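Asks: There's a structure below that I have some questions on.
The values are calculated or read from the model by the stated rules, or taken from the named source; none is laboratory data. Keep in mind that what you see is a predicted model, and the values were worked out from it rather than measured. In this analysis, Cβ positions are derived from the backbone assuming ideal geometry, glycine residues included, and neighbour counts consider all displayed protein chains. Protein only, heavy atoms only, side chains kept; ligands, DNA and RNA dropped before computing areas. Shrake-Rupley method; radii C 1.70, N 1.55, O 1.52, S 1.80 Å.
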Amino acid sequence: MKFSIIIPCYNEAPNLINLLDNLSPIISRDDTEVILVENGSTDNSKDLFKTTIEHHFPQVTTVYVNTNKGYGYGILQGVQVATGDYIGWIHADLQVDASILLNFFDYAKSNPTRTFFLKGKRSNRHLIEYFFSFGMSCFESLLFHKIMFEVMAMPCLIPSHLLKNYYSSIPIDFSIDIFVYALAVYNDIEVIHIPVKMRDRTAGISSWNTGIIARIKQSHKMMQSSIIIKKEITKLITPEELS
């Protein structure tokens, strides 16, 4: 069993060295490939990719996007080169310790005859974050008629065939996480949530999370995207599979 972990990096230059240090127990594994995507950054991330990552971390696969087209787009560029049986992703902002992925790998390897969609279950968060997550979980569960919670949580790990079979339909923005979650539950893939302790961002700036108003706008955008995804999913999955 092999794992591919994709990390899209957009304007994360202040985090890159710490990220690589954090990834050391993952990079050293024979059964894991780490794919860092330089997702069209406007800071000096590309230079760091060239001078630091490619020269000093040859075991890390690097992918370059010329112009940023979205978080999901960066992930999909990583999917194109991924060779693992399971493909997953995690944010580059270090709010989740990458070593938690070892728990995901252990769970998958200890159950080799079963197929999973593995997803984080976040703790140690601010109260307002729990509020938005709960609201999103209720909305998604009602919309898709499936129990869905911690929809946007990181990391995630999903069977590679599921991503590659539906590759052309996967959205290129943050709603990629909603799409793959819905895709998993509609394909009757067991969803397992693994505890993940959150940390505050120590470097870099979020591309969207800049305050309560930004959270409201992002939540509204994700709800609109979810409605579109629901329509797309019903086209992709046969009526018999949806019943």
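Asks: Restrict the check to the stretch 209-227 and report whether at least one residue is modelled with pLDDT under 90, assigned to a loop (DSSP other than H, G, I, E, B), open to solvent by 30 Å² or more (accessible area, probe 1.4 Å) and closer than 26 Å to Ser99 by Cβ.
Replies: Looking through the stretch 209-227, at least one residue is modelled with pLDDT under 90, assigned to a loop (DSSP other than H, G, I, E, B), open to solvent by 30 Å² or more (accessible area, probe 1.4 Å) and closer than 26 Å to Ser99 by Cβ.
Asks: For the stretch 185-198, which residues satisfy the criterion of being in contact with a Leu (Cβ under 7 Å, 6 or more places away or on another chain) and assigned to a helix (DSSP H, G or I)?
Replies: Hit for the stretch 185-198 is Tyr186, nothing else.
Asks: Sticking with this structure for a sec: Where in the stretch 1-72 are the helices (runs of 4 or more DSSP H), entirely inside, with at least 3 residues that are over 20 Å from the mean Cα position of the chain (by Cα)?
Replies: 45-48
Asks: Something else now. Do we find that Leu157 is in contact with a Cys (Cβ under 8 Å, 6 or more places away or on another chain), in a strand (DSSP E or B) and within 30 Å of Lys231 (Cβ to Cβ) in this structure?
Replies: no
Asks: Right, Ala92: in contact (Cβ under 8 Å) with a residue 12 or more places away in the chain, in a helix (DSSP H, G or I) and either among the hydrophobic types (A, V, I, L, M, F, W, C) or buried (at least 16 other Cβ atoms within 10 Å of the Cβ) (or both) or not?
Replies: No, not satisfied.
Asks: Which residue out of Asp30, Asp43, Asp21 is touching a residue at least 24 places away in the same chain (Cβ under 8 Å) and surrounded by fewer than 18 Cβ atoms within 10 Å (Cβ to Cβ)?
Replies: Testing whether each residue is touching a residue at least 24 places away in the same chain (Cβ under 8 Å) and surrounded by fewer than 18 Cβ atoms within 10 Å (Cβ to Cβ) leaves just Asp43.
Asks: What are the pairs, 6+ residues apart or on separate chains, where a residue within the stretch 108-136 that is touching a residue at least 12 places away in the same chain (Cβ under 8 Å) has its Cβ under 6 Å from a residue that is small (Gly, Ala, Ser) and in a loop (DSSP other than H, G, I, E, B)?
Replies: Pairs that qualify, where the first residue is touching a residue at least 12 places away in the same chain (Cβ under 8 Å) and the partner is small (Gly, Ala, Ser) and in a loop (DSSP other than H, G, I, E, B), are Lys119/Ala153; Gly120/Ala153; Arg122/Ala153.
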